[in-house]
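Structure, as structure tokens:
Derivation of every value follows stated rules applied to the coordinates shown; laboratory data play no part. As the structure is a computational prediction, the values presented were derived from the model and not from experiment. Cβ coordinates were reconstructed from backbone atoms using ideal geometry, including for glycine residues, and neighbour counts include every protein chain displayed.
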Amino acid sequence: AKLKLVYLDYENARIALDNTRLIAPFDGVVVNLDLVPGQVVGSSPVMTLTSMDNLLVKFYMDETDLEGVSVGNRTVYTFNAYPETNLEGKVAVIEQSLQTFDGSPVLVVWGTLPERPSFNLLVGMTLDVEVIAGEVKDALLIPVQALKEITAGSYAVFVVQADGSLKLTPVTIGLRDFAN
């Protein structure tokens, strides 16, 4: 009977020890640990684990830019720590509700990063994001003020001729923003 009690104590201790093991749902690196030795752990988070695989960038855009952003748009990232290096990715997710950031409503957008860049990335780094909403190759870029509306939706520009005279030349409008 005494041996049985010792064995039960052993089994209870083994089960208690097994219940103290934390098993991560993925391979990663612990980036934050809010524990002290002997602390009782409840249901609140005690550590932050991150993975450097399938990297995503969370960034905010003004809600007025919603029309110009969509999943699949190309992104260009410039990290403040590496200003000479640009990385390209794509818009992966546009959250379906606005959040408030510094008192203004913003879109929350998630973008992909290429696998394992050649420099060291840390969780929480600051970067600038450029979302490419549209792209045209071999097009002429002119100031919007140079456009002359001939009829509704029909435009022309003045082209300087070899003799210095101006010739009104019809143009087809491609991509357009507030300036060009």
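Here the 3J(HN,Hα) profile of segment 67-73, calculated from phi with Karplus coefficients 6.51, -1.76 and 1.60 at θ = phi - 60°, is 4, x, 10, 8, 4, x, 4 Hz, Gly and Pro shown as x.
Net charge dipole, segment 1-57: roughly 340 debye, given to the nearest 20, about the Cα centre with Cβ charges of +1 for Lys and Arg and -1 for Asp and Glu. Annotation: aspartates and glutamates with alpha-carbon distance below 17 angstrom to LYS167 (same-chain offsets under eight excluded): GLU149.
Taking amide H positions as modeled 1.01 Å from N, with prolines and chain starts lacking one, the residues under 5 Å from LEU127 and 5 or more places away or on another chain are ASN80.
Charges were assigned to the Cβ only: +1 to each Lys and Arg, -1 to each Asp and Glu. The resulting dipole of segment 89-161 about its Cα centre is roughly 140 debye. When you filter the chymotrypsin sites (Phe, Trp or Tyr not before Pro) in segment 22-62 for DSSP loop state and at most 16 other Cβ atoms inside 10 Å of their Cβ, you are left with PHE26.
In segment 1-107, Cα pairs under 8 Å separated by at least six residues give a relative contact order of 18 percent.
State the answer as a single residue: which of TYR10, PHE158, ALA139 lies farthest towards the positive end of the charge dipole of the chain, with beta carbon charges of +1 for Lys and Arg and -1 for Asp and Glu, about the Cα centre. Of the candidates, TYR10 comes out farthest on the positive side.
Charges were assigned to the Cβ only: +1 to each Lys and Arg, -1 to each Asp and Glu. The resulting dipole of the chain about its Cα centre is roughly 500 debye. The alpha carbon centroids of segment 1-68 and segment 72-115 are separated by 28 Å. Exposed loop sites, defined as trypsin sites (Lys or Arg not before Pro) outside DSSP H, G, I, E and B with at most 12 other Cβ atoms within 10 Å, are absent from the longest region of the chain, namely 22-136. Tell me the net charge near PRO170. Cut-off is 12 Å between Cβ atoms, PRO170 excluded, with +1 for each Lys or Arg and -1 for each Asp or Glu. The answer is +1.
222 nm [θ] for the chain, helices only, -39500 (n - 2.57) per DSSP H run of 4+, per residue, to 500?
Numbers: 1 runs with 17 residues, N = 180.
Calculated from helices alone, the mean residue ellipticity at 222 nm is -3000 deg cm²/dmol.
Give, as a single signed number, the net charge of other residues whose beta carbon lies under 13 Å from the beta carbon of GLN99, with Lys and Arg counted +1 and Asp and Glu -1. Within the 13 Å Cβ shell, the charges total -3. The longest stretch of the chain left intact once loop-based GluC sites (Glu not before Pro) with at most 13 other Cβ atoms within 10 Å are removed from consideration, loops following DSSP, is 1-83. Restricting segment 76-165 to chymotrypsin sites (Phe, Trp or Tyr not before Pro) that sit in a DSSP loop and have at most 11 other Cβ atoms within 10 Å of their own Cβ leaves PHE119. To the nearest 10 degrees, how steep is helix 2-18 against the longest Cα principal axis of the chain, on a 0 to 90 scale? The angle comes out at about 10 degrees.
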